[in-house]
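Notes follow once the structure below has been shown.
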Amino acid sequence: MYGAKSSKFVCAHWVEPLLKEHIFTPSSTDPLNKIDTAIRPRILDVGAIDNQYLQYDWFDAVPIDLNAQHKSVVQADFFDYAHAHIEQHQKKKNKPFDAIVLSLVLNFQGDPRRRGDMLALAADARLLRSGGLVYVALPSASLDNSRYCDEDYLIQVCETLGLRVVERKRSAKLALLAFQQTSGHAASSGFQAYNVASKTFRYPKEMSRAPAKAGDTRNNFAVMLKSSTLAR
(Lines give C-alpha, C1' and ligand atoms only; values in the text may rest on other atoms or scores of the structure.)
Protein backbone atom coordinates (compact mmCIF):
# COMPACT_ATOMS: atom_id res chain seq x y z
CA MET A 1 0.00 0.00 0.00
CA TYR A 2 1.36 3.38 -0.93
CA GLY A 3 0.44 4.97 2.38
CA ALA A 4 2.57 2.60 4.39
CA LYS A 5 5.66 4.13 5.95
CA SER A 6 7.81 1.38 4.49
CA SER A 7 6.90 2.41 0.93
CA LYS A 8 9.42 4.52 -0.96
CA PHE A 9 6.64 5.96 -3.13
CA VAL A 10 4.98 9.01 -1.60
CA CYS A 11 1.88 9.58 -3.70
CA ALA A 12 1.44 13.17 -2.51
CA HIS A 13 4.78 14.12 -4.08
CA TRP A 14 3.36 13.09 -7.46
CA VAL A 15 -0.12 14.51 -6.93
CA GLU A 16 0.71 18.00 -5.65
CA PRO A 17 2.79 19.39 -8.56
CA LEU A 18 0.26 18.25 -11.19
CA LEU A 19 -2.58 19.61 -9.11
CA LYS A 20 -0.84 22.97 -8.96
CA GLU A 21 -0.15 22.92 -12.70
CA HIS A 22 -3.60 21.89 -13.92
CA ILE A 23 -6.02 22.98 -11.21
CA PHE A 24 -4.69 25.77 -9.03
CA THR A 25 -3.18 27.94 -11.78
CA PRO A 26 -5.86 29.29 -14.15
CA SER A 27 -5.00 28.95 -17.83
CA SER A 28 -5.94 31.51 -20.46
CA THR A 29 -5.75 28.86 -23.18
CA ASP A 30 -7.84 26.15 -21.56
CA PRO A 31 -11.17 27.26 -20.06
CA LEU A 32 -11.45 23.95 -18.21
CA ASN A 33 -8.65 25.14 -15.93
CA LYS A 34 -10.32 28.42 -14.97
CA ILE A 35 -11.40 28.13 -11.35
CA ASP A 36 -12.20 30.54 -8.58
CA THR A 37 -8.84 30.77 -6.82
CA ALA A 38 -10.60 32.07 -3.73
CA ILE A 39 -11.94 28.53 -3.26
CA ARG A 40 -9.45 25.94 -2.07
CA PRO A 41 -9.18 22.92 -4.38
CA ARG A 42 -10.34 19.60 -2.89
CA ILE A 43 -9.11 16.12 -3.68
CA LEU A 44 -10.51 12.70 -2.85
CA ASP A 45 -7.74 10.22 -2.07
CA VAL A 46 -8.99 6.63 -2.30
CA GLY A 47 -7.16 3.89 -0.40
CA ALA A 48 -5.25 6.42 1.66
CA ILE A 49 -4.46 4.44 4.85
CA ASP A 50 -2.86 7.57 6.29
CA ASN A 51 -3.02 11.23 5.25
CA GLN A 52 -0.05 12.34 3.16
CA TYR A 53 -1.48 15.79 2.45
CA LEU A 54 -1.33 17.42 5.87
CA GLN A 55 1.89 19.18 4.84
CA TYR A 56 0.10 21.20 2.14
CA ASP A 57 -1.80 24.34 3.09
CA TRP A 58 -3.23 25.42 -0.27
CA PHE A 59 -5.69 22.56 -0.92
CA ASP A 60 -7.88 20.21 1.09
CA ALA A 61 -7.82 16.42 0.94
CA VAL A 62 -10.49 13.91 1.88
CA PRO A 63 -8.66 10.60 2.32
CA ILE A 64 -10.76 7.42 2.56
CA ASP A 65 -9.79 3.81 3.16
CA LEU A 66 -11.44 0.53 4.14
CA ASN A 67 -8.93 0.22 7.00
CA ALA A 68 -8.11 3.77 8.03
CA GLN A 69 -4.94 4.11 10.13
CA HIS A 70 -5.07 7.86 10.81
CA LYS A 71 -7.73 9.92 12.56
CA SER A 72 -8.04 12.22 9.55
CA VAL A 73 -8.84 9.32 7.19
CA VAL A 74 -12.50 8.47 6.65
CA GLN A 75 -13.17 4.75 6.93
CA ALA A 76 -15.31 4.03 3.88
CA ASP A 77 -15.66 1.92 0.77
CA PHE A 78 -15.18 3.99 -2.40
CA PHE A 79 -18.36 2.72 -4.06
CA ASP A 80 -20.45 3.59 -0.99
CA TYR A 81 -18.75 6.97 -0.60
CA ALA A 82 -19.20 7.85 -4.28
CA HIS A 83 -22.85 6.77 -4.22
CA ALA A 84 -23.59 8.96 -1.18
CA HIS A 85 -21.71 11.93 -2.66
CA ILE A 86 -23.49 11.70 -6.02
CA GLU A 87 -26.84 11.30 -4.28
CA GLN A 88 -26.21 14.46 -2.27
CA HIS A 89 -24.90 16.29 -5.34
CA GLN A 90 -28.17 15.66 -7.13
CA LYS A 91 -29.87 17.42 -4.22
CA LYS A 92 -27.40 20.31 -4.69
CA LYS A 93 -25.89 19.69 -1.25
CA ASN A 94 -22.24 19.36 -2.31
CA LYS A 95 -19.81 20.07 -5.14
CA PRO A 96 -17.57 17.78 -7.21
CA PHE A 97 -13.92 17.30 -6.29
CA ASP A 98 -11.09 18.91 -8.22
CA ALA A 99 -9.09 15.66 -8.31
CA ILE A 100 -9.49 11.98 -7.42
CA VAL A 101 -6.54 9.76 -6.58
CA LEU A 102 -6.65 5.99 -7.19
CA SER A 103 -3.23 4.89 -6.07
CA LEU A 104 -2.71 1.13 -5.88
CA VAL A 105 -6.41 0.43 -5.52
CA LEU A 106 -7.51 -0.84 -8.95
CA ASN A 107 -5.17 -3.81 -8.64
CA PHE A 108 -6.76 -4.80 -5.32
CA GLN A 109 -10.23 -4.90 -6.90
CA GLY A 110 -10.63 -8.44 -8.18
CA ASP A 111 -13.45 -7.98 -10.71
CA PRO A 112 -12.43 -6.37 -14.05
CA ARG A 113 -15.95 -4.92 -14.39
CA ARG A 114 -15.70 -3.28 -10.98
CA ARG A 115 -12.35 -1.79 -11.94
CA GLY A 116 -14.11 -0.15 -14.86
CA ASP A 117 -16.94 0.97 -12.59
CA MET A 118 -14.41 2.49 -10.21
CA LEU A 119 -12.87 4.52 -13.03
CA ALA A 120 -16.34 5.53 -14.22
CA LEU A 121 -17.24 6.86 -10.78
CA ALA A 122 -13.95 8.75 -10.59
CA ALA A 123 -14.76 10.33 -13.97
CA ASP A 124 -18.40 11.09 -13.10
CA ALA A 125 -19.22 14.80 -13.43
CA ARG A 126 -21.09 14.69 -10.12
CA LEU A 127 -17.97 13.48 -8.31
CA LEU A 128 -15.24 15.15 -10.41
CA ARG A 129 -15.62 18.63 -11.88
CA SER A 130 -15.06 19.30 -15.56
CA GLY A 131 -11.34 19.79 -16.04
CA GLY A 132 -10.59 17.85 -12.85
CA LEU A 133 -7.81 15.27 -12.57
CA VAL A 134 -7.84 11.52 -12.01
CA TYR A 135 -4.59 9.93 -10.84
CA VAL A 136 -4.06 6.20 -11.37
CA ALA A 137 -1.05 4.37 -9.95
CA LEU A 138 -0.57 0.67 -10.58
CA PRO A 139 2.20 -1.87 -10.14
CA SER A 140 4.06 -2.00 -13.46
CA ALA A 141 3.58 -5.76 -13.57
CA SER A 142 -0.22 -5.33 -13.61
CA LEU A 143 0.09 -3.78 -17.07
CA ASP A 144 3.39 -5.06 -18.47
CA ASN A 145 2.74 -8.72 -17.64
CA SER A 146 -1.03 -8.88 -18.18
CA ARG A 147 -2.70 -11.11 -20.72
CA TYR A 148 -5.56 -8.69 -21.21
CA CYS A 149 -4.48 -5.11 -20.52
CA ASP A 150 -1.47 -2.93 -21.24
CA GLU A 151 -0.93 0.77 -20.60
CA ASP A 152 -2.26 1.87 -23.99
CA TYR A 153 -5.43 -0.17 -23.56
CA LEU A 154 -6.05 1.27 -20.09
CA ILE A 155 -5.73 4.75 -21.59
CA GLN A 156 -8.31 3.79 -24.26
CA VAL A 157 -10.71 2.72 -21.50
CA CYS A 158 -10.22 6.03 -19.71
CA GLU A 159 -10.70 7.99 -22.93
CA THR A 160 -14.09 6.31 -23.28
CA LEU A 161 -14.95 7.90 -19.91
CA GLY A 162 -13.99 11.37 -21.11
CA LEU A 163 -10.53 11.30 -19.54
CA ARG A 164 -7.56 12.68 -21.49
CA VAL A 165 -4.10 11.57 -20.41
CA VAL A 166 -1.93 14.49 -19.28
CA GLU A 167 0.98 12.53 -17.82
CA ARG A 168 2.32 9.00 -18.07
CA LYS A 169 5.52 8.03 -16.30
CA ARG A 170 7.24 5.05 -14.75
CA SER A 171 9.20 4.41 -11.62
CA ALA A 172 11.09 1.20 -10.92
CA LYS A 173 7.93 -0.66 -9.92
CA LEU A 174 4.99 1.63 -10.69
CA ALA A 175 3.05 2.92 -13.67
CA LEU A 176 1.75 6.44 -13.02
CA LEU A 177 -1.02 7.90 -15.17
CA ALA A 178 -2.78 11.24 -14.74
CA PHE A 179 -5.93 12.17 -16.67
CA GLN A 180 -8.04 15.29 -17.07
CA GLN A 181 -11.81 15.14 -17.41
CA THR A 182 -12.79 16.76 -20.70
CA SER A 183 -16.35 15.50 -21.22
CA GLY A 184 -17.71 18.91 -20.29
CA HIS A 185 -16.92 19.93 -23.86
CA ALA A 186 -19.33 17.37 -25.22
CA ALA A 187 -22.29 17.67 -22.87
CA SER A 188 -23.37 20.23 -20.34
CA SER A 189 -24.08 17.51 -17.78
CA GLY A 190 -20.66 15.89 -18.29
CA PHE A 191 -19.96 12.17 -18.12
CA GLN A 192 -22.48 10.16 -16.07
CA ALA A 193 -22.68 6.39 -16.34
CA TYR A 194 -23.94 5.66 -12.82
CA ASN A 195 -27.63 5.46 -11.96
CA VAL A 196 -28.09 6.34 -8.30
CA ALA A 197 -31.59 4.89 -7.96
CA SER A 198 -30.72 1.43 -9.29
CA LYS A 199 -26.99 1.43 -8.42
CA THR A 200 -26.23 0.30 -11.95
CA PHE A 201 -23.94 1.48 -14.75
CA ARG A 202 -24.86 2.20 -18.35
CA TYR A 203 -21.95 2.85 -20.68
CA PRO A 204 -22.40 4.56 -24.07
CA LYS A 205 -19.56 2.35 -25.28
CA GLU A 206 -18.70 -0.95 -23.63
CA MET A 207 -15.15 -2.29 -23.59
CA SER A 208 -14.16 -5.91 -23.09
CA ARG A 209 -10.76 -7.26 -22.17
CA ALA A 210 -8.04 -6.66 -24.72
CA PRO A 211 -7.17 -9.70 -26.90
CA ALA A 212 -5.20 -12.21 -24.88
CA LYS A 213 -1.41 -12.23 -25.15
CA ALA A 214 0.46 -15.50 -25.18
CA GLY A 215 2.51 -16.58 -22.18
CA ASP A 216 1.97 -18.97 -19.28
CA THR A 217 3.45 -16.58 -16.71
CA ARG A 218 1.19 -13.61 -17.48
CA ASN A 219 -1.35 -12.34 -14.94
CA ASN A 220 -5.06 -11.80 -15.53
CA PHE A 221 -5.28 -8.08 -14.75
CA ALA A 222 -7.96 -6.48 -16.92
CA VAL A 223 -10.30 -3.49 -16.97
CA MET A 224 -13.75 -3.71 -18.56
CA LEU A 225 -16.67 -1.35 -19.13
CA LYS A 226 -19.84 -3.45 -18.96
CA SER A 227 -23.32 -2.02 -18.44
CA SER A 228 -25.34 -3.62 -15.66
CA THR A 229 -29.08 -4.09 -15.10
CA LEU A 230 -28.63 -5.15 -11.47
CA ALA A 231 -26.39 -3.73 -8.76
CA ARG A 232 -23.05 -5.54 -8.77
### Query
Counting only the backbone N, which residues of the stretch 41-69 are under 20 Å from the spot 7 Å out from the Cα of residue 20 toward its beta-carbon?
41-45, 52-62
### Query
Which residue, chosen from 12, 194, 82, occupies the Cα position most advanced towards the positive end of the dipole of the chain, where the dipole is computed from +1 (Lys, Arg) and -1 (Asp, Glu) charges on Cβ about the Cα centre?
194
### Query
Expressed in nm to one decimal, what extension gain is obtained for the pair residue 202 and residue 56 from 0.36 nm per residue of sequence separation less their Cα-Cα distance?
48.8 nm
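Which of 20/91; 205/226; 173/213 have a Cα-Cα distance over 19 Å? Please list the in-between numbers first.
Numbers: 20/91 30 Å; 205/226 9 Å; 173/213 21 Å.
Check vs 19 Å cut-off fails for 20/91; 173/213.
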#### Entry: Pairwise label distance in nanometres, residue 71 with residue 141, each label 7 Å out on the Cα-Cβ vector
3.8
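Using alpha-carbon pairs under 8 Å, 6+ residues apart, how would you state the relative contact order of the chain in percent?
Working: 451 pairs, mean separation 38.8, N = 232.
Reported as a whole number, the value is 17 percent.
Set the Förster radius R0 to 30 Å, insert the Cβ-Cβ distance between residue 226 and residue 94 as r into 1/(1 + (r/R0)^6), and round the FRET efficiency to 0.05.
Working: r = 28 Å, r/R0 = 0.95.
E(calc), rounded to 0.05, equals 0.60.
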### Message
Restricting to DSSP loop positions (anything but H, G, I, E, B) with no more than 10 other Cβ atoms inside 10 Å of their own Cβ, which trypsin sites (Lys or Arg not before Pro) remain in the stretch 54-128?
### Response
71, 91, 92, 93
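Magnitude of the Cβ-charge dipole of the chain, K/R +1 and D/E -1, about the Cα centre, nearest 20 debye?
Dipole of the chain, to the nearest 20 debye: 380 debye.
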### Query
So, with a 1.4 angstrom probe, what is the percent of accessible area on the stretch 71-218 that is carbon and sulfur?
47
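Please list the three semi-axes, largest first and in whole Å, of the ellipsoid equivalent to the chain, using sqrt of 5 times the eigenvalues of its alpha carbon gyration tensor.
On the way: eigenvalues 126, 94, 66 Å².
Its equivalent ellipsoid spans semi-axes of 25, 22, 18 Å.
According to the square roots a ≥ b ≥ c of the eigenvalues of the Cα gyration tensor, what is the shape class of the stretch 88-166, taking rounded for a/c under 1.5, prolate for a/b larger than b/c otherwise, and oblate for the remainder?
Working: a/c = 2.33, a/b = 1.96, b/c = 1.19.
Here the stretch 88-166 falls in the prolate category.
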### Message
Given Cβ point charges of +1 (Lys, Arg) and -1 (Asp, Glu) and nothing else, what value in debye, to the nearest 20, does the dipole of the stretch 42-104 about its Cα centre take?
### Response
340
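The values are calculated or read from the model by the stated rules, or taken from the named source; none is laboratory data. The structure displayed is predicted, hence computed values, not measured ones. Positions of Cβ are backbone-derived with ideal geometry, glycine not excepted, and every protein chain shown enters the neighbour counts. Quick note on the areas: whole protein, heavy atoms, side chains included, nothing else; ligands and nucleic acids left out. Shrake-Rupley method; radii C 1.70, N 1.55, O 1.52, S 1.80 Å.
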